[in-house]
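Reading through the structure tokens given below for one structure.
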Amino acid sequence: MATPLLSVENVTVSFDGFNALDDMSLHLMPKSVRVLIGPNGAGKSTLLDAIIGHVSPTKGRVVFKGEDITRLDEYKIVRKGICRKFQAPGILESLSVADNLALAARHHRQCWRSFGRGLSSEVGSQVERVLGLIGLEEKRHSLAAQLSHGQKQWLEIGMVVASDAELLLLDEPAAGMSHDESTQTAELIRSLSTQHSILVIDHDMAFVEQLDAPVSVMHMGKMLREGTLEEIRNDPQIAAVYLGRAKEIPHA
Amino acid sequence: MKKWIKIAFDVALFVALAMAPYFLSSYHLSLLGRFLAMAILSLGISITWGKAGILSLGQGVFWGLGAYVLAMHLKLAALAPGDMPDFMMWSGLDHLPAWWNVFHNPLVALTGVIIVPTVTAGVMAWLVFNRRVSGVYFALLTQALALVFSTLLISEQAYTGGFNGLTDFNTILGHDIIDPGFQRAIYWITLLALAIAFILCRWILSTGFGKVLVAVRDGESRVRFLGYSPAAYKTVAFALAGALAGVSGGLYILHAGVISPAMVGVVPSIEMVIAVAVGGRSSLTGVVIGTLLVNFGKDAISSAIPELWQFVVGALFILVVTALPKGLVSLPNVFLRLKSMVFKPSKARALNSV
């Protein structure tokens, strides 16, 4: 059996005695997509925080490519090959669209190596490729601040893609997108899975269905169930977890 | 096209300043020289505050370190061999402290003018930024540092000359400082240093480093999650500003002939920031012009009515922050926008043709 790219092993994260993650485990194989769902407060975003070093687990460890990364600084974890898209768009507004992508695409991120050639010359072809992918070729010289909300979402997805990280963490990539846009996003994510491992958080069941990937359900900081979307939908326990949240019930 | 206009303006400004010794009295030339030296410090503030969003209210400290290091050398150079500075003897010291003596060597002193403030700024920034202290807390911390520095200088009279500071410089590298011909040379050296600093800053901002600095201002955590260490970039930027401040301080005292704690404390540090804000903090040309205008204004007003300056500088700061947040350099753009609002050329014609 192949070794997982990412292993979250029995991780507990406590905030003032409350366990946001409670003995949580998750394994992700290379070049696979996994969708993470669960009610609000289930700990999905905290799991991403723990993987990328934004919060420190009180127990357990995170292993990436066979290396324990639990205690590394965030930026060092990112350099190992993990990139995350946040829930709120986190683009760099006073830089141009192309510079946003170039910053994400650079291989040399140490300070002392930043004085060499200009940003775009080093990673120009990568930036061009991603600009095409996210449909913002005509906006390359515009400041990121001038983009519409949807375009900002695309730009941030583009930055994650441009980083060329082996593991992409996407926190609600289709939030605020129209039906057509989220269909495009799902297609993009599926096409990326030939190169990357991708962990996606989302609430929108129509979007999850389009991703056509194994689903993990979290509840109260624990892994409740893993399986295909069909299996999840027919599980009475999961229906109970979502009780009273009619909108999010994973029945079509 | 617009870029060429800007470069042409910078070159014209440089040429005009280079001709100044042929037109100005030696008094005004000395003032202009001081303010050009201050402009070197302003370039550093433009990089840290204007680009990276790091507001320091303690640049007087690094400026003062550069100034004091050179002043110690000048003080020693003015003495006969074996003598000690007068204030040391008054304070009862019986021999020259070793850390004074190293600056007897002009090479050590000139290197120290850059190295001492750079290392101080760098170490301080590294400690603070790694603990993720930023924004208002960083500004307060640097202001406290300025207060500590000036208080320390006053209280350690035996080593620093106390409240009166260091003065009576007469020779540097064997040249007579007060000789008018040498004063001109010092003026051109100052202008040259400013030009070199200006080009250095422009180049740095054009590299990936400059882009990351702007990115850090926009979203420090986003930059961190792209795999960059914001603390490292901010530390290098702050150390660079420290180096520029040190050079500025060293050149300043060659024109002014004196350095004292009153010139490095909280109020001068804040005035340095105001000059940058008036000119336009994110424009290198802007901060140079702002520094010259504010300092000449200060000189003119405070020699006429000394009490008035504090009120004027306060009012000026409020005016710029509220009415012209991008400083004087944004005036042409504001003017163009007003003009198009008043005359509305293209829009009216478009309506007629429909």
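Nothing in this text is a laboratory measurement; each read-out follows from the coordinates by a stated rule. Model, not experiment: these values are computed from the prediction. Ideal geometry is used to build each Cβ from the backbone, glycine not excepted, and the neighbour counts take in all protein chains shown.
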Using θ = phi - 60° and Karplus 6.51 cos²θ - 1.76 cosθ + 1.60, couplings along the stretch B:281-292 (whole Hz; Gly, Pro as x) | 5, 9, 10, 5, 4, x, 5, 5, 5, x, 4, 5
Okay, helix-only estimate at 222 nm for chain A: each DSSP H run of n ≥ 4 adds -39500 (n - 2.57), divide by all residues, round to 500 deg cm²/dmol; what do you get?
-> -10000 deg cm²/dmol
Which cross-chain or sequence-distant (5 or more) residues have an amide H under 5 Å from the amide H of A:SER32, H modelled 1.01 Å from N in plane?
-> A:SER197, A:ILE198
Each residue of the stretch B:80-89 in order: what ³J(HN,Hα) in whole Hz does its phi give by Karplus 6.51 cos²θ - 1.76 cosθ + 1.60, θ = phi - 60°, with x for Gly and Pro?
-> 6, x, x, 6, 10, x, 4, 5, 5, 5
Candidates B:SER283, B:SER302, B:SER269, ranked by Gaussian network fluctuation over chain B, Cα under 10 Å, top entry = B:SER302
For A:LYS85, distant residues with modelled amide H under 5 Å away = A:LEU169, A:LEU170, A:ASP171
Quick one: how many lysine pairs in chain B have C-alpha atoms under 26 angstrom apart, if they're 8 or more apart or on different chains?
-> 25
Which distance in Å, rounded to a whole number, links the C-alpha centroids of the stretch B:12-71 and the stretch B:225-245?
-> 21
Gain on full stretching of the segment that runs from B:LEU293 to B:THR322 - 0.36 nm per residue minus C-alpha separation | 8.5 nm
Residue by residue, what Karplus-based ³J(HN,Hα) values in Hz, rounded to whole numbers, does the stretch B:132-137 have, using 6.51, -1.76 and 1.60 with θ = phi - 60° and x for Gly and Pro?
-> 6, 7, 8, x, 4, 5
Alpha-carbon Rg/Rh ratio, for chain A, with Rh computed the Kirkwood way | 0.97
Placed amide H near A:VAL13: partners under 5 Å, 5+ positions off or other chain = A:ALA20, A:LEU21, A:ASP22, A:ASP23, A:THR58
Using a Gaussian network model of chain B whose springs link C-alpha atoms within less than 10 Å, name the residue from B:PHE14, B:PHE209, B:PHE225 with the highest mean-square fluctuation.
-> B:PHE225
Distance between Cα centroids, the stretch B:271-293 to the stretch B:94-153: provide it in whole Å.
-> 24
Give me A:SER216, A:SER32 ranked fewest to most by other Cβ atoms within 10 Å of their Cβ, as a rough exposure proxy.
-> A:SER32, A:SER216
Residue of A:ALA174, A:ALA240, A:ALA88 that the Gaussian network model of chain A assigns the largest fluctuation, springs spanning Cα pairs under 10 Å = A:ALA240
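Within 10 Å, count the other beta carbons around each residue, average over each peptide in A:12-18, B:116-122, and list them highest first.
B:116-122, A:12-18
What average count of beta carbons from other chains do you get within 10 Å of the Cβ of residues in B:227-235?
6
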Over chain B, the sum of -39500 (n - 2.57) across DSSP H runs of at least four, divided by residue number and rounded to 500 deg cm²/dmol, gives at 222 nm -24000 deg cm²/dmol
Do any trypsin sites (Lys or Arg not before Pro) in the stretch A:1-55 lie in a loop, going by DSSP, with at most 11 other beta-carbon atoms within 10 Å of their beta carbon, and if so which?
-> none
Summarise the partner chain shielding of B:213-223 as one whole number: the mean count of Cβ atoms from other chains within 10 Å of each residue's Cβ.
-> 5
